[in-house]
Amino acid sequence: MDSKSVEDMIEASSGVHFSGFHMDALEMRNTEVGQLTASAAEEMCRQPFVIGVAGGAASGKTTVCDMIIQQLHDQRVVLVNQDSFYHDLTEEELTRVHEYNFDHPDAFDTEQLLCAMEKLRHGQAVDIPNYDFKSYKNVFPARRVNPSDVIILEGILIFHDPRIRELMNMKIFVDTDADVRLARRIRRDIVEKGRDIATVLDQYSKFVKPAFDDFILPTKKYADIIIPRGGDNHVAIDLIVQHIRTKLGQHDMCKIYPNLYVIQSTFQIRGMHTLIRDSQTTKHDFVFYADRLIRLVVEHGLGHLPFTEKQVTTPTGSVYTGVDFCKRLCGVSVIRSGESMENALRACCKGMKIGKILIHREGDNGQQLIYEKLPQDISDRHVLLLDPILGTGNSAVQAISLLISKGVPESNIIFLNLISAPQGVHVVCKRFPRIKIVTSEIETGLNEDFRVIPGMGEFGDRYFGTDDDDQPVLPPKNRDTKSSTD
């Protein structure tokens with residue numbers, strides 16, 4: 001969807017019905033950026049996205065979960081059923097099993113469920129009990145579940161215990177009419193469990209309905225999303241699947257810093273990255289594909305500018321309601337690599353004013369600002385800061401600090417780059433939590449020389465042809481003595 005991401009729509013739809021999709025305050029527990037340590041950030045990166053799916057017996061919970069997983073076709077999603085964590089029945093309880101209330105919270109081994117979920121959340125594989133509904137005991141072998149990016153926890157009472165609710169990033173309640181649930185239960189118990197209809201109705205009136213009214217229905221208030229009609233509500237399920245896909249495709253650091261945006265990767269983008277990172281790519285090809293990537297980053301960055309609604313008349317005489325973007329803009333390039341991004345910005349915004357900042361790097365422990373030429377009215381503009389590489393973040397901090405000292409509000413700065421090292425992202429986002437960073441890829445990190453890895457070499461040299469023109473850029477160990485001193 002072009003105008004809004006599904007996630008934005010989900011969050012904006014809180015408390016209203018949208019195509020049969022009822023939502024209440026989708027909770028995203030974010031650690032305060034200013035208090036986030038590196039170790040806490042790494043811990044958050046490893047945390048899976050946990051979705052709870054609750055509802056009455058035979059409401060269609062399992063169908064909803066199966067449809068979500070089937071549509072995702074992604075092995076990074078696993079399903080955990082609360083039914084696997086029933087207590088084993090004692091010999092005495094077995095003698096009067098028809099009097100046992102399987103819909104009561106005490107029927108479940110909640111402590112074991114909590115233990116299993118905590119292990120999965122911390123990247124450990126677990127053995128999920130295999131509960132046999134004929135012997136009413138756990139049998140071997142258990143089901144091995146490996147840690148995943150998304151965990152779906154399904155069960156009638158998973159919202160009952162606040163400790164389990166606290167583990168969830170999204171809570172879904174499947175809301176199905178009582179008559180439909182009863183009809184499904186009668187059919188299921190007769191076919192699958194060999195019970196007669198009198199026994200099913202007796203158990204329903206004694207245990208199932210009272211437990212639903214007393215324990216299950218009250219937990220509906222904790223749901224972020226309420227799905228009427230269960231598996232029949234394809235609109236709701238499609239939106240949830242799109243939201244999960246967004247989470248799976250989102251870089252871990254975007255989950256930590258809401259002001260970091262990584263453009264969605266495609267095979268085209270990966271292919272261009274492959275070419276500009278290849279040491280054998282000629283200067284001509286490097287410039288060509290770098291320009292294409294830069295244009296994508298610039299276009300994405302412009303999408304984060306404020307806009308107002310605008311109506312225009314089309315050549316057919318019709319009225320089109322669109323948007324008009326902010327016109328008080330300017331670019332600021334960090335000399336010299338940042339100048340490679342100026343043409344793309346001018347191509348997108350005619351007549352764009354572009355300022356310059358030159359920062360001298362001494363080793364990598366210190367930067368010295370030695371030149372700046374900025375528009376006089378820069379404090380009244382939104383600023384697109386241009387630098388293709390975000391490494392340690394020290395130069396970026398210098399540049400951003402200068403802009404702020406000139407009166408530019410932090411929230412008016414959008415930092416555009418091609419690749420970002422995690423260390424630089426941490427430094428910039430912690431120091432300036434209200435700026436936006438737009439990049440095309442997050443790197444592995446920095447080497448002992450503070451160079452981005454895997455990186456793409458010295459970007460300015462490769463782009464502007466400081467190295468031999470139209471010759472492959474070879475690793476230093478492969479260059480001869482003459483060319484390495486040019």
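Observations
- Kirkwood hydrodynamic radius computed over the stretch 255-473 comes to 18.1 Å, based on all pairs of distinct alpha carbons.
- Filtered GluC sites (Glu not before Pro), the stretch 385-473: DSSP coil and at most 13 other beta carbons within 10 Å: 448
- Annotation for the stretch 181-266: chymotrypsin sites (Phe, Trp or Tyr not before Pro) lying in DSSP loop with at most 14 further Cβ atoms inside 10 Å of their Cβ do not exist.
- Pairwise FRET efficiency - residue 453 versus residue 47, Cβ, R0 = 30 Å, nearest 0.05: 0.75
- Förster radius 45 Å - calculated FRET efficiency between residue 335 and residue 308 (Cβ-Cβ, nearest 0.05): 0.85
- Taking 16 Å as the straight-line reach from the Cα of residue 137, the lysines in range (excluding those fewer than 8 positions away in the same chain) are 193.
- Debye log10 I(q)/I(0) for the stretch 104-158, one point scatterer per Cα, at q = 0.12, 0.22, 0.23 Å⁻¹: -0.31, -0.99, -1.06
- Inter-site label distance for residue 196 and residue 99 at 7 Å from Cα along Cβ, in nm: 2.0
- Loop-located trypsin sites (Lys or Arg not before Pro) across the stretch 287-341 with a Cβ neighbour count of 10 or fewer within 10 Å are 327, with loop assigned by DSSP.
- Simple spin-label estimate for residue 274 and residue 140 in nanometres, 7 Å along Cα-Cβ: 4.8
- Interchain or long-range residues, amide H under 5 Å from residue 332's placed H: 355, 384, 385, 386
Each value in this text was obtained by applying a stated rule to the coordinates, not by laboratory testing. Note that the structure is predicted; figures quoted are calculated from it, not measured. With ideal geometry, Cβ positions are generated from the backbone for all residues, glycine too; neighbour counts draw on all protein chains shown.
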